[in-house]
Every structure is written in C-alpha cells, then in structure tokens.
Amino acid sequence: MWKIIFNNPFGCRMRLLVVELILIWAYSAQGGIPAVPWKVQCPSQCVCQIRPWYTPRSAYREANTVDCNDLFVSSVPSSLPAGTHTLLLQSNNIAHLELQELGYLENLTELDLSQNSFSHIRDFKARDLPNLVSLHLEENQLESLPDNSFFGLESLEELYLNHNQLSVIHPQAFLGLRRLLRLHLNSNLLTSLDSQWFKELPALEVLMVGGNMVSSILDMNFKPLSNLRSLVLAGMGLKDISDFALEGLQKLESLSFYDNKLIGVPKEALQRVPNLKFLDLNKNPLSRIKQKDFENMAQLKELGLNSMEELVSIDEMALVNLPELTKLEVTNNPKLSFIHPRAFQKLPRMETLMLNNNALSSLHRETVESLPNLQEIAMHGNPLRCDCVIRWVNATAPHVRFMEPQSTLCAEPPELRRTQLRLVPFREMSDHCLPLIPVPSFSPRVRASSGQSITLHCRALAEPEPQIYWVTPSGERLTVSADWGGYKVQEEGTLEIQVVSSAHAGVYTCVAQNLVGTDYKSVYLMVNQISPTRDDPVQLQVGEVGERHLLLSWIPPLNALGCSLRWSCLTPGASVERARLPVGLNSYNVTRLLPGEECRVCLRVSILGGRVRTACASARTRDTGTGYKHRGQKALTALAFCLLLAVIGLLARYRPGSRTDPTSTWSLTGRVIYPPIIHQWDKDKKEECISGINVPATPLW
C-alpha cells in the first residue's frame, strides 16, 4: 500500500515520484484489479485479502494483506497468517512492539504502524525482518532517533517518519539503510539538517523534509545524495538558500520551495542542479522576478510562481534560454501588475502560459511574439485594460487558445467593461495609448525605520513604451540609472533608498510618460513615525520674456501632490487658459501669446494633507511694434464672433415653440486645456492629483 501525507498542495504539477506511484496504483485499482479474499485463518476483526501492490521500483505485485486498521488495539493481533506480505495496523493504540510478535512473518514486506502511540524508537523492537521494504511510522509521538535506530532492516526502501515530534536525529540514525529510496521527515520539530545523516543513504531518491523550522541550509548539505531525484523543502521558513546548498545533486529532477520566506530567486544554487525539470517556488514573498533569475537551465520543463503576495513585476529578460520549458504558471498573485514586454527570451518550447488571477491590466504583444510555440494562454481574473497594448489578441487566432475566454473580460474603459476580450473591436483602435501605472503595485503608505533600505516599485505599459522617473518630497526629479546620493532608480522603474533617515520622509511620486501623455502615482514614506511638517511658501517667477512666450519657474513646496497653471491676457477676446502639470515639473513655457500682451499667471499647488498654496505673477511679452496691429485684428475677430453668437441666440429665443428660461444668463467660461494624459475613466483621482503636459505650450525639462 502507498500512502503519503502532504502538508500543502504543490503547484506547478510537481511530478514527485511518490505521486506518480500513487496515481498508477489508483488507476490500476480502479481499472479491473480488485482485491480478492485470501482464504486463511484470519485474526478476529481483521480482513485478509490479496490486494494490488507496487514496489518502490513501480513493479506490480499481488500482496497477501492483513488489514487490522482502526481496531483501537494496543498490541499486534496474534496468530497472523505465516504468508503475510502486507500488515496494516494504522489507527490503533500500539506503543510497544516486541521481536517475537512479527519475527515469524518471514515474507513481511510492508508494515504500517502509522497513527499509533510510539514515543521512543527503542519500543519498536521488530528489527530482524530481512524482507521488510516499506515501514510506516508517521503520526506517532517519536521525539528522537539515536544511532542505529533501524538496525536489522537492511532491505528497507521506504521509511515514513513524518508528522512526529522529532527534534533530534543522531548522525548515524540511519546506519545500515543503504538501499533506502524514500525518506519522509516532513512536519517534525527539526531545526537543522545534518549532512551526516545522508552519508548512510547513498541510494536515496526522494527526500521530504518540509514542515520543519529549519532556518537555513548549509553548503554541501545534500552532497552525499548523488542519486536524489526529488527534494521537498516546503514550509520551512527558509529565507535564503546559499550558493552551494544544492551542490552534488547531479540527478535531481524535482525541487519544491513551496511556502517559505524567500525574497529572491536562489539562482546561483539552482545553477548547480543541471538536470532540474520541475521547480516549485509558489507562495514565497518575492517582490520581483529580476533579470536572468532563470537562465540557462537546460532541462527545466515546468516552473511555478503562484500565490506570491508581494510579487509586483516580472522584469526584462527574467527568463532566458530555457530550451525545454513547456509550462509556466504565474497565477493568484494579487499585486502582479506588470510583465515586461521582453521578460521571456529564448523559450522555444513554451506551450502553456498561465497568467490568470493576477492584477495585470495588459500583456504586451512582444511578450506573446517571443514565444513561437505558444499554444494556450490564461488571462482570466485580471483587470484588463482593453486598449492598444492588447490589440494582439485578435491577431493570434487561431494558433493561441485562450483558456476560459468567457471569463476573460475587460475592466476598462467603462464602455467596454465586462466585454469578452476576444469580442473587442481592436482593429478600430489607435496604435498609440496612454501609460498606466497599475494601482495594485502601489501601497499608499510605507513605514520604515532609520538605517533600513527601502524599495518602491513602479511599472507602466503603453504604446510607445513609457519612460519612468521619480520625484522626491522636495521636488527633485530622479531618472533611471543615475546616482542621486542615496537614491537609485533601476531601469524597470524601482526606486531604492539605500539608507533611510528621517530626512527621506514624505511623498514620492512615480511618473510614467510617453508621447501620448503621462500617468503618476504617489506613495507616502513615514520614517520613525515622523511626518515632515515644513510649510514652505510658493514663489512663481518669470525667467524669460519673449515676443510670444513667457518662461515661468518655481520651487515646489515639500510633499507637493500636483499643480496647475492658469493665465489670462488683457486683450479683448482673450480667454482664460489652464494647464495641469505633472509632479516634478518646475518650469513651464507659456506660448502662443501676442507681442506686447499684458498677462497674469497663477500657480496652484496641492500639498499632502489637503492644503493648497497659490502664487501669481504678471508680465508683458516683448513688444515689436506690431503688437497693436495684432491686437486690433484679434479684437475685430472677437467682435465679429460675438455678433454671430448674438444673432444665433436671438433666432433661438424667438423660434416658434421654443422654451426659454428667464433666469438664464450668458456666462463666459475659460477654456481648460486638458492634454490627453489623464484617463477619462479614472474616477478615483482627486482633482489636484493630476499629471499632464499642456498641449499647445511646450514644457521645459
């Protein structure tokens, strides 16, 4: 009988050898290989049958089985049939086992004593069982294993010690078990793994040690296990894997780091496992899959990156040169909002890409085109923005199949909300669209202590590809790959503050900009529970005066959230102009003015805490002597336009059947210039939290 207890479900379809055998057994049992009665003198309350059985080498046998499970007995039933092959004593109250109780069973191959009451291995005295292959002692109360704990069991190939209270295992506890293939030590109280244990197990192929609070794995920890094929290190609280931790595992094919505390991919350690085929990194607090985290892994077939609460992005060239990779699972990551267009390179055999139930607003065409053998993709459960970035979906049919297409829906813009992605008329859309910084990648508030290092992530997708920069609380603009004295902005858009101090507290704003427009998001960094309280005034200065332009500049106050300009000129017919400006823009060129015009400009700045600061300035453009001519022409044009409006109004007022409102009046409203940089469907933005560049005027950077 095959039995295995998992602490947690493993993603990525990890093909552990034990799981394969279980499936084979289940299929055979259901496929016409029933148990038949074994006609012997069977102990009272037990069941004697001939049942299917598979050896650890997957060879099929018909086993004479005595099933005494769940009888609540405290000793082994007497007078067991001499030909017993498999003895099942699960879920009883047995705490001691003497040699004579089983010594006469010369053919005993499998013994199941799981869920009993053993607290000391010395109470298991059935040591002279030369044909015993499989021993189940899981779910007892064993606390330690002294040297020579299994003396006399030289034929043992499977040993189940999981779900006990083991805290101490002596270096030679497994002495003599040179044929052991599978060892289950998961879910005990171990705090370290000793390579001395493994020197006695040269044939071991499957090792499960998950569920033990082992804080670290030492270099060369598994080096004696040159034949190991499957290693499960799940649920151990591992924070780091040293570069040489997996040294010597030349035949390892399946590796699980499920449910640990890894904050980075242990790529150096993985490079020392040349035959790795199945890798499970699910449920770890990784925030990024960085460049070349998975590179040159020649045999890797399946990779699981699921259920990562902190995963924000998969960066450029994160997966490179994985010639055998056929399936990638990146699902159920609530903050994953960005996959770089060139994240996947040289993956010629990739067939299945699972990206469902993340926070992705889009997937770039270049990402899909980089996977020449892609056959199916899952995108359902994402807040998809149906704009030009994802136009490729109609061009991939029919060779790329969407899983659950009826659940793959648009979230934005509002007019397409809940429309199936495949039904969107993308061909009618422009091939240029605005940047979008996804909300899930941003925490509105981050707390830190002095001396810590902080990383703030920012990503955006658009056509053309946007440029990203950050703005500090003082208004300093930080661009990519420059050294800013304690600040560093990486190419992907991540801001690193290397040594935090109270001077770093305040609002940091990420700005993503392309030729179409701009988007931004802000995060408030609080250091040592201190909030900056400086309240600087705003001064607006006119730096240069031309015939048709005014160059303005200002110093932004601390923690500015956004600003807007408003200007008007004292010329008949002139309108009030407005421009909303992105954070980090500290100068502006007001253009399309007339020579000799007197203009007044006001700057309005929104500050953290709902405060507003305003500054105004007046200036006259340089007069070339032709200004009155231009102003006269402009006045005549305005007068003609007003007369035309008056005529239209009179006609409308006295048109038969028309309805009038005696309280209505004509009101002149200034034309507001809204550049195409703010998403019309983004209703959560405050009026002052704007990001834009005035279209008719030219901002100076």
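Bear in mind that the values in this text are calculations on the coordinates, not laboratory data. All figures in this text were calculated on a predicted structure; none of them were measured in a lab. So basically every Cβ, Gly included, is an ideal-geometry build from the backbone, and we count neighbours across all protein chains shown.
Annotations
- Point-to-point label distance, Q141-E598, nm (Cα→Cβ direction, 7 Å offset): 9.7
- Region 433-527 shape via C-alpha gyration tensor axes, a/c threshold 1.5: prolate
- Between S75 and V168, the contour length at 0.36 nm per residue exceeds the Cα-Cα span by 30.8 nm.
- Pairs spanning more than 22 Å between alpha-carbon atoms, out of K239/K521; K267/K301; K283/K521; K283/K335: K239/K521; K283/K521.
- Region 198-239, relative contact order in percent, only Cα pairs under 8 angstrom and at least six apart counted: 56
- Pair E491, A503: separation of 7 Å Cα→Cβ label points (nm): 3.1
- Once the gyration tensor of the Cα atoms in region 226-278 is diagonalised, the equivalent ellipsoid follows with semi-axes of 18, 12, 9 Å, ordered largest first.
- In this structure, E247 and T624 have a Cβ-Cβ separation that, at R0 = 56 Å, corresponds to a calculated FRET efficiency of about 0.10.
- Computed from the C-beta positions of E547 and S443, the FRET efficiency with R₀ = 41 Å rounds to 0.25.
- Cross-linked pairs K292/K488; K199/K277; K223/K292: Cα-Cα separations exceed 22 Å for K199/K277; K223/K292.
- Gyration tensor verdict on region 203-349 (Cα atoms; rounded if a/c is under 1.5, prolate if a/b is larger than b/c, oblate otherwise): oblate
- Euclidean distance between Cα centres, region 353-420 to region 127-151, Å: 53
- Estimated FRET transfer efficiency when R0 is 60 angstrom, pair W484-R122 (beta carbons, to 0.05): 0.35
- Mean projection area, nm², convex hull over Cα of region 488-549: 7.5
- Residues C42, C510 arranged by fewest to most Cβ contacts within 10 Å: C42, C510
- Loop-located GluC sites (Glu not before Pro) in region 84-134, at most 12 other Cβ atoms within 10 Å (DSSP): E106
- The modelled label-to-label distance for the pair D431/Q406, using points 7 Å beyond Cα in the direction of Cβ, is 3.6 nm.
- Mean separation of Cα contacts under 8 Å (6+ apart) over length of region 433-527, as relative contact order %: 38
- Of all beta bridges that DSSP places with both ends in region 416-554, some 90 percent have antiparallel geometry.
- Within region 57-80: backbone nitrogen closer than 14 Å to the Q41 label point (7 Å, Cα to C-beta): 78-80
- Label zone at E324, where the point sits 7 Å out along the Cα-to-Cβ direction: region 274-291 residues whose backbone N lies under 12 Å: 274-279
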